[in-house]
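The values are calculated or read from the model by the stated rules, or taken from the named source; none is laboratory data. Computed from a predicted structure; not experimentally measured. Here the Cβ positions follow ideal geometry from the backbone for every residue, glycine too, while neighbour counts run over all protein chains shown.
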Amino acid sequence: MKRRVVITGLGVITAIGQEIEDFWSNCLEAKTHVSSIPHQWFDYSDFYSHIWSSLPEIDFSKYDITRLEEKQLDKTSLIALACAFQALDSAGLSYAMADKKRNTYTVSGVNNERFGVSMGTGIGGLSSFASNFSYQILDRQKESLSKTIASLEGTAGLEPLKTIMARMLCPRRSNPFGVSMTMPNACSGNLGIKFKLLGSNNTFCAACASGTVAVGYAFKAVRSGELDLALTGGVEYLYDDYGATFGGFDTVRALAGNNESPDKANRPFDKDRSGFLFSEGGGAVLVIEELEHARSRGARIYAEILGYAETCDGFNIMMMESNGYNIVRMITQALADAGISEKEVDYINSHGTGTVLNDETETRVIETVFGKKVLINSTKSLIGHTLGASGAIEAVVTALSIYHKTTHPCRNLENPMRDLNFVTRVTSYPIRRAISQSFGFGGHNAVLVLGECS
Amino acid sequence: MVGEVQFDEVYAKVKKVIAEVFKKDESELTLETRIIDDLGAESLDIITLLMEFEDTFDRKIPDEDVEKLVTIGDTVQYIAQILAEPSQK
């Protein structure tokens, strides 16, 4: 008999909430956090999209993360740690200081050799890489330029040189922790270190499907008996001083383009959608564990993970295959893995990016497989696209939707592109089974099947 | 400005950095405290210390000078000395 796997802990850092209760109530109120991109980015480039979903400042000291840790870890790892502390707290798992100097803990009452970590990130420590790279290429050039300007002081026409120098943004030093900040696996590695978790520890990199893939692999490891528990989720942090990461998506016209009405620009599944809302970043971590393990310690169970599947389009590095064949195949496999039929699925937390192609393909697949009755929403309509974190954040939303028997509306959905059962208001919904699906650059398709725990 | 930097001022700042890096109470630290032998500094601690000294005192410390920083007293002396030199950074 297969071991059953349940979700017992949740933690999030998002643009609309940095703890579960806040995040969930803001979801139900369909809140968003859209603002203009940093003004300085226009010094380096022109952009089609001028908006993003910025991340409010995160108080890492709340998690006893030290000032030194903040300097030595990339934001993706810091977000992972913050989410993990929340998730352990919500799972009712306590932890005690193990090493004061290293500021590390051990989780009490569990076998840490059977406690693993499975995280996802699309781009890892890119922000730290960009920062160190700018130091490497600019520091000496700035010094030379500074001397040149000083030697010419008093002569006319120096202003353009001074402007160029002011725009050569770089940190005052190379960060000696640059390598360990940049490597994508730092997010899972740092969770293993912080909580002395000695089971398998992996970071999955499947672009925008990373978070879903990570949770899927953790689920399989617990179900197979390799692990009893796992911290699993996804993180992303996409800021850089020059807007280069934003520019990469902007230049292929992937981003929401209505700059005149920023709050209205992000509109998945609407006829007037124009692209996705770029998010500065965020993350989610879930505690998942074997059912009897959870029951024996009296843990609250948010939802059960029933199944998982993934496929690859094998088609194009940046474009999904519009016939959706491999998405249908993936959903079919996942439902079989979960042992349920498509008629038993009440709710779909969609990938729902708001790009023309994604929403067209995804809604066609949904109608083909599930018909018109299944509830659908897009969490990206609220918080934008957090790439590798999105699947994990959406798994959290799916678990909460099952637990609370309600879910959030699709923001800005005024003229649905297809006649389907999109969530437009918050009311009681009989959500017993749900799927959360993600599609990533590279052709990665991944889906989790969640259900209430009977 | 450089000439006015007092040994005690540097000592206070160095102690603060070391206490933070090694999670020690400042009262446990003296000029004689040895960074590796008494505080058990590992290579990453040394890197952290250098980073913090550079940020605190706004000076670059060449890697080869690390060997000079055996005790807290040596460190204070070294930093006071480089602060007395014209800034390269």
Scanning the range A:197-248 residue by residue, those aromatic (Phe, Trp, Tyr) and under 17 Å from A:Thr76 (Cα atoms) turn out to be A:Phe204, A:Tyr237, A:Tyr239, A:Phe246
Expected output for the range B:58-72 (first residue at positive phi and away from chain A (no Cβ under 11 Å), partner assigned to a loop (DSSP other than H, G, I, E, B) and of a type in the set (Ser, Thr, Tyr), Cβ below 8 Å, 6+ apart or cross-chain) is none
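Going through the range A:258-302 one residue at a time, which ones are assigned to a loop (DSSP other than H, G, I, E, B) and among the acidic types (Asp, Glu)? First the steps, then the outcome.
Step one: list which residues in the range A:258-302 are assigned to a loop (DSSP other than H, G, I, E, B), which gives A:258-261, A:266-269, A:271-275, A:277, A:280, A:297-302.
Those that are assigned to a loop (DSSP other than H, G, I, E, B) and among the acidic types (Asp, Glu): A:Glu260, A:Asp272, A:Glu280.
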ask   = Within the range A:138-154, is even one residue among the aliphatic types (A, V, I, L, M), buried (at least 19 other Cβ atoms within 10 Å of the Cβ) and either closer than 24 Å to A:Thr182 by Cα or in the same structural domain as A:Gly442 (by TED's automatic domain parsing) (or both)?
value = no
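Which residue out of B:Ile36, B:Ile47, B:Ile61, B:Ile82 is within 23 Å of A:Arg172 (Cβ to Cβ) and part of a loop (DSSP other than H, G, I, E, B)? Before the answer, list the steps.
Details: B:Ile36 fails: within 23 Å of A:Arg172 (Cβ to Cβ); B:Ile47 fails: part of a loop (DSSP other than H, G, I, E, B); B:Ile82 fails: part of a loop (DSSP other than H, G, I, E, B).
Being within 23 Å of A:Arg172 (Cβ to Cβ) and part of a loop (DSSP other than H, G, I, E, B) holds for just one of B:Ile36, B:Ile47, B:Ile61, B:Ile82, which is B:Ile61.
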Counting only helices (runs of 4 or more DSSP H) entirely within the range A:121-221, those with at least 1 residues that are farther than 22 Å from B:Glu52 by Cα are A:126-151, A:159-166, A:186-195
Restricting the range A:314-341 to residues that are over 13 Å from A:Val365 (Cβ atoms) and within 23 Å of the chain's Cα centre (by Cα), the one surrounded by the most Cβ atoms within 10 Å (Cβ to Cβ) turns out to be A:Met319
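Being exposed (fewer than 15 other Cβ atoms within 10 Å of the Cβ) and of a type outside the set (Phe, Trp, Tyr) is the filter; apply it to the range B:6-22 and report the residue that is nearest to the other protein chains (Cβ to nearest Cβ). So that I can check it myself, show each step before the final result.
Our first condition is that a residue be exposed (fewer than 15 other Cβ atoms within 10 Å of the Cβ); within the range B:6-22, this holds for B:6-9, B:12, B:16.
Cutting the leftovers down to of a type outside the set (Phe, Trp, Tyr) gives us B:6, B:8-9, B:12, B:16.
Details: B:Gln6: 25, B:Asp8: 24, B:Glu9: 21, B:Ala12: 18, B:Lys16: 12 Å.
Filtering the range B:6-22 for residues that are exposed (fewer than 15 other Cβ atoms within 10 Å of the Cβ) and of a type outside the set (Phe, Trp, Tyr), the one nearest to the other protein chains (Cβ to nearest Cβ) comes out as B:Lys16.
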Within the range A:196-216, the count of residues that are surrounded by 24 or more Cβ atoms within 10 Å (Cβ to Cβ) and over 26 Å from A:Leu277 (Cα atoms) comes to 1
Looking across the range A:161-192 at residues that are crowded, with 19+ Cβ neighbours inside 10 Å and among the aliphatic types (A, V, I, L, M), the single one that is farthest from A:Leu227 (Cα to Cα) is A:Met181
Sole miss for A:Pro171 among (1) within 14 Å of chain B (Cβ to nearest Cβ); (2) out of contact with any Phe, Trp or Tyr (no Cβ under 6 Å at 6 or more places or on another chain); (3) closer than 23 Å to A:Gly243 by Cα is condition (2)
- Task: For B:Ile79, indicate whether it is out of contact with any strand residue (DSSP E or B) (no Cβ under 9 Å at 6 or more places or on another chain), closer than 30 Å to A:Arg140 by Cα and in contact (Cβ under 8 Å) with a residue 24 or more places away in the chain.
- Result: yes
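Results for (1) closer than 30 Å to A:His293 by Cα; (2) in contact with a helix residue (DSSP H, G or I) (Cβ under 7 Å, 6 or more places away or on another chain), shown as yes or no for each residue.
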residue: A:Glu159; (1), (2): no, no
residue: A:Met168; (1), (2): no, yes
residue: A:Arg172; (1), (2): no, no
residue: A:Asn175; (1), (2): no, yes
residue: A:Gly178; (1), (2): no, yes
residue: A:Ala221; (1), (2): yes, no
residue: A:Gly225; (1), (2): yes, no
Residue hits (the range B:16-33; over 18 Å from A:Asp99 (Cα atoms) and in a loop (DSSP other than H, G, I, E, B)) are B:Leu29, B:Thr30, B:Leu31, B:Glu32, B:Thr33
Only one of B:Ile36, B:Ile47 is under 17 Å from A:Lys101 (Cα atoms) and within 10 Å of another protein chain (Cβ to nearest Cβ), namely B:Ile47
Heads up, the helices (runs of 4 or more DSSP H) in the range A:340-426 (entirely inside) with at least 1 residues that are closer than 18 Å to A:Gly307 by Cα are A:356-370, A:390-404
